[in-house]
Amino acid sequence: MRKKIFVFLLVAFILMFALLIVTSARKAKTPTISVCVSDSWWGSSRDPDLQAAVIREMEKKIGIKIKAIIPPNSQYKQKVGLLLNSGDKPDVFRAFQAMNFVPSYAAQGHIIPLDDYIKKSPLASAVDPKVYDYIKIGGKTYFIPFNKPTTKFLWLRKDKADKFGVKLSSTPTTEEFYREMKKMTSDKNTIPFCFPKFIDNFQFFYNSFGVYANIYPKAGKYVDGFNTPEAKEALLYIKKLYDEGIWDKVFITNENNKMRENLFKGIAACDIDYYNRYSYYIDNSSKANAETDFLPLYKLVGPRGEGGNLNEAIQDAWVITNTCKNPDAAFKFIEQETFNPQIRQVTAIGVKGLHYAPDDKGYAQPRDVAKATGYSMNPQFLFASFPDFSDKGFKWDPKILKSLPRQIQIAKETLNHVGPCYAAPAGRSDKYDQVVLSLKQKREETASKIVLGSASVEQAFSDYANYWKSIDGDKILVELNR
Amino acid sequence: MKKINNKIKNSFGRKVFVVFNGILLFCICLVFIVPLWNVLITSVAKDQDVLGNVYLIVPKSFSLKQYSRILQSGYFKSFVRSIIIATIGTMFSMTITLPAGYTLAQKNLVGRNLFMNLIIITMIFDVGLVPFYVVVRMYGLINTYFALVIPVGLSTFNLILIKNFISSIPDSLIESARIDGANELIILIKIIIPVSIPIIAAITLFYFIQYWNRYIEVVMFIHDNTKTTLQVLLRTLMFESESATTGAESVYDNFKMAIMVMGMLPVLVLYPFIQRYFISGIMLGSIKG
Amino acid sequence: MKNKKVRLIDRINQQKFLLLLLLPALLWYLLFRYIPMMGNFLALTNFGSSIHIKFVGLKNFIRLFQSLDFYRAFNNTLILSFANIVFYFPLPIILAILMNELYHVKMKRLVQFIVYIPYFFSWVVVGSIFITMLSPTSGIINKIIEFFGGKSIYFMVSTFWFRPILIISYIWRQVGYGTVIYIATISTIDPELYDAAKVDGANHFQRVLHVTLPCIKSTIATMLLLNLSHVLLIFDQIIVMQNAAVYAVSDVLRTYSYREGLENMNIAYGIAVGLLTSLATAILVLSTNKASKKFLDESVF
């Protein structure tokens, strides 16, 4: 009896062992990579089940097993910082604020150069090489851009402009903007110009005064563009808008969402947003019973004739970490996700039948389950992506398509007004690499103190100068220029 | 004569105090209720009533749409998950904290000072998130439910509260039981726990709330979205700040407020059951003497 | 000597059940506090700013003492902690005593409940409640100010108002928490003590003074110490409420270390800031414990 049990156990054990070998062998065939992107991305819905469906769909189409790490958007930067430094590095992750962070990650040694992979890949090398030129570290490219280079500018509601007699061309001067927007301050229920809490966006106004508020190469030499008379002039202009009630009083607590909501509901008359938001605004304003047209103001022309839109260039970028065991598979994943329309469609607007489904007229509509977790069906992501989506496998609601020609026109036009953008010069000076992000926060603090009136221009800039001295700023510039 | 006068004076002063006290506490309650009231009625208002710059004090409309939206969204699963984690976690925490507090409260314990100092040091020297993560990873807990319970299972704060409470219990009570030959576990269960019900109730509640509201550890220790807790998902819905590539359906104030209400519902339901015990201590007081 | 050793072993043997009850907690402290605490040595390296970790000696500390932001954060931490202890700490005691004076048990419970509700909310929620309430355009506080003919104030960006707002919101959320502990303690006071005081002719106020307060003395000392031990670590609240305009008055050590550490990837530097915070906490806690021993005859540990 006991022998029988023993034999039985032995057989069972061998069987299990064999099974294990088989499964692990199969595993070896389909490579696994770990991918870290924030939760707003995987199919645009935050519902865990829907995200899982998107991952399955991608695995099927790319032929790579994906181990997803999905932190919330608001903690993404910190989670990546933690993962990179704790030995749990993902193979692939998406770098936020790529102009700053990709150089940082590269200088720290966390990510690998991708030049060879790009050269070998027909899809990745077909892209305009200028895109890769935005961020070069030591002459090498460390990233694949997530989307086409992106810009921001002002959007003005037509109904509000008509109501208050605001007459602005698509490239008004700063004076005109001030004068015309001032007319709206008579109405207490309208916010003439709504702004989000992200001070980076001040750069749009800095452009009009010829200011680039960062350390950047001016005529081949690195300078601090922030502590300049022009920057003070620009901040005083913003302060004037703020003090006279044109600029949103509570902008410092506004999320982007709040700002957008204010605009399409008609609570605000103007805001600052991405070039691909036209259809979004048209669509949402009609849903909110406040339908109108939206006029782009590509740039404000300053007193010396300068100006340009807010050029964010590469906002998000894919990078591969130095511990990645299978960079080929990792690159394949990135390449397919970025340049293959079928896969980009899944990650941008989700899975057919789960995220969206055709209604009785055959037009694709978002499903309630997806809608409840922040999903909306909008062509703007596809629009911003690299591939061409001629065969989508579904039909857009014609209401959305109506706005598309104008959106395409706007996207073309904004390219004529591109503002300056420089990647952070990482890897040249240890001192600089240490303070690059603190310096950015310091600039933002200085600017917001001035605009909100908690310090005078002189006071705020003398604080900034003290800080500059404490980090040995002049020496940093010398090191950068070496 | 004098005495009687005094008594009248006393009771008059007392009356004034009672009235004054009542009014004062009423005012204090008002300070607490008004913002909460605003949250509640905004959460049941219709979209058009929460747009723009409004602060609702008088309800304008009633609709449970936002709540049904939350329930529809598959958040129910994470709700259940959160409750399970908080309940198991609280039990785990209490089974460690209570015996430890009891032992440390014994004045003749071997090495008592050493133990206390070791514990206080941990209160003073903070552990950075990165080293903490590395260690939790070393134990293989990352991305498991255990990571949400074990590494954060003990609160020195609560341990010291319990320890100090137990040391205020007269020794005679414990000693007589020891003489009767009861072992320590029996003493703890039969004597200490019944006397300490109020503080145990309070600490249980604290632990539960800590587990329920935990955020940063969940975000850092859990990779998988299907394992996160309600708080993480709710907070994401509430405070998403977008990047260029996403364009979420816009979130109105009523939805946000409904989320806030949902997020505290279990604690709200739990509280009255536990509160009962805060006051039951009065009767037990007499045993102590 | 030998005798003493034997006695120790004897005592351990005698108390082995008692020690067994402590064992899980000790194990937990070892695994989840002491071992990660070793990570503090990373303050002597360049950890975080490069994948090639190397020893840099006291460089991070030198940089820290040269940094203006560190002094600012230190200063703010001390001011906020001090205000916190002065304004917040006595409130739960007073409130618990006042509540205890209510005659109706049901009223008592209701008041206690209401005061305690805000503690159920996480700081993010409390922060957003305050931001809406204090909004210059729609907030109820400014509506009231305007009703009485005043001019609306933008509290959240005012360097003058921001600290009071932090303290008030802290009180709003936490006062119920402290009150619960005191009420739990008061409820275990032997009623006979009150009766005895009554017989001695003590009026109500005197009874509070001579019976209630001495009975909760040790809880007060404990709470003070626990408060002090984490008052320098104040974090969640500030990170959700602060904005760039009020960094100057609200940036504290913990937020500074977090920003420099995980956000700006100078993790070793962040740890160095953390260590100095710990040092300050140690001074605060140990001196208070001494004082408490001396004046209240009550050592918390």
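The values are calculated or read from the model by the stated rules, or taken from the named source; none is laboratory data. Source: prediction; values computed, not measured. Glycine gets a Cβ as well: all are built from the backbone with ideal geometry, and neighbour counts include every protein chain shown. The accessibility values were calculated without ligands, DNA or RNA, using every heavy atom of the protein model including side chains. Shrake-Rupley method; radii C 1.70, N 1.55, O 1.52, S 1.80 Å.
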Inset, instruction - With springs only between Cα atoms under 10 Å apart, run a GNM on chain C and tell me which of C:P24, C:P214, C:P36 wobbles the most. - result: C:P24
Legend entry - FRET efficiency, 1/(1 + (r/R0)^6) with R0 30 Å, evaluated for C:L110 and B:T95 via beta carbons: 0.40
Inset, instruction - Under a cut-off of 30 Å between alpha-carbon atoms, report the lysines in cross-link reach of B:K107, not counting same-chain residues fewer than 8 places apart. - result: B:K163, B:K190, B:K288, C:K2, C:K4, C:K5, C:K16, C:K217, C:K290, C:K293, C:K294
Inset, instruction - Compare B:T204, B:T95, B:T122 in a GNM of chain B, Cα atoms joined below 10 Å, and give the one with the largest fluctuation. - result: B:T122
Inset, instruction - Note down the nm distance, to one decimal, between modelled labels 7 Å out along Cα→Cβ at B:V18 and at C:L31. - result: 5.6 nm
Inset, instruction - Determine the relative contact order of the stretch C:4-126: mean sequence separation of Cα pairs under 8 Å and six or more apart, normalised by residue count, in whole percent. - result: 8 percent
Legend entry - Kirkwood Rh (inverse of mean 1/r, distinct Cα pairs), chain A, angstrom: 24.7 Å
Legend entry - Once the Cα gyration tensor of the stretch A:208-260 is diagonalised, semi-axes √(5λ) in Å: 28, 15, 8
Inset, instruction - Write down, largest first, the equivalent ellipsoid semi-axes of the stretch C:7-113 in whole Å, where each equals the square root of 5 times an eigenvalue of the alpha-carbon gyration tensor. - result: 42, 34, 13
Inset, instruction - Roll a 1.4 angstrom probe over the protein heavy atoms and tell me the percent of accessible area of the protein assembly as shown that is carbon or sulfur. - result: 64 percent
Inset, instruction - Among the trypsin sites (Lys or Arg not before Pro) in the stretch C:54-155, which ones are in a DSSP loop with at most 15 other Cβ atoms within 10 Å of the Cβ? Mind listing them? - result: C:K54, C:K151
Inset, instruction - Within the stretch A:61-98, list the chymotrypsin sites (Phe, Trp or Tyr not before Pro) lying in a DSSP loop whose Cβ has at most 11 other Cβ atoms in a 10 Å radius. - result: none
Legend entry - Kirkwood Rh (inverse of mean 1/r, distinct Cα pairs), the stretch C:178-301, angstrom: 17.7 Å
Inset, instruction - Find the relative contact order for chain C and round it to a whole percent, using C-alpha pairs within less than 8 Å whose residues are 6+ positions apart. - result: 25 percent
Legend entry - Over the stretch C:66-295 - Rg/Rh using Cα atoms and the Kirkwood inverse-distance radius: 1.04
Inset, instruction - With N set to the residue count of the stretch B:53-92, report its C-alpha Rg divided by 2.2 N^0.38 Å to two decimal places. - result: 1.81
Inset, instruction - Report, in cubic angstrom per residue, the convex hull volume of the C-alpha atoms of the protein assembly as shown. - result: 223 Å³
Inset, instruction - Could you state the accessible area per residue of the stretch A:338-425 in Å², with a 1.4 Å probe and every protein chain left in place? - result: 44 Å²
Legend entry - Reachable lysines, given that their alpha-carbon falls under 17 Å from the alpha-carbon of A:K395 and they are not under 8 places away in the same chain: A:K352, A:K361
Inset, instruction - Kindly provide the trypsin sites (Lys or Arg not before Pro) of the stretch A:337-380 that DSSP labels as loop, not H, G, I, E or B, and whose Cβ sees at most 16 other Cβ atoms within 10 Å. - result: A:K361
Legend entry - For the stretch B:65-288, convex hull volume per residue from C-alpha positions, Å³: 157 Å³
Legend entry - Highest-fluctuation residue, B:K15, B:K256, B:K163 considered, GNM on chain B with Cα pairs under 10 Å: B:K15
Inset, instruction - Please calculate how many Å² of accessible area the stretch C:20-133 carries per residue, with a 1.4 Å probe and no DNA, RNA or ligand atoms counted. - result: 46 Å²
Inset, instruction - Give me the percent of Cα-Cα pairs in the stretch A:45-86 that sit more than 11 Å apart, rounded to a whole number. - result: 70 percent
Inset, instruction - Taking all pairs of distinct Cα atoms, average 1/r, flip it, and tell me the Kirkwood hydrodynamic radius of the stretch B:55-163 in Å to one decimal place. - result: 17.7 Å
Legend entry - At 0.692 mPa s and 37 °C, Stokes diffusion of the stretch A:159-244 via Kirkwood alpha-carbon radius, µm² per second: 225 µm²/s
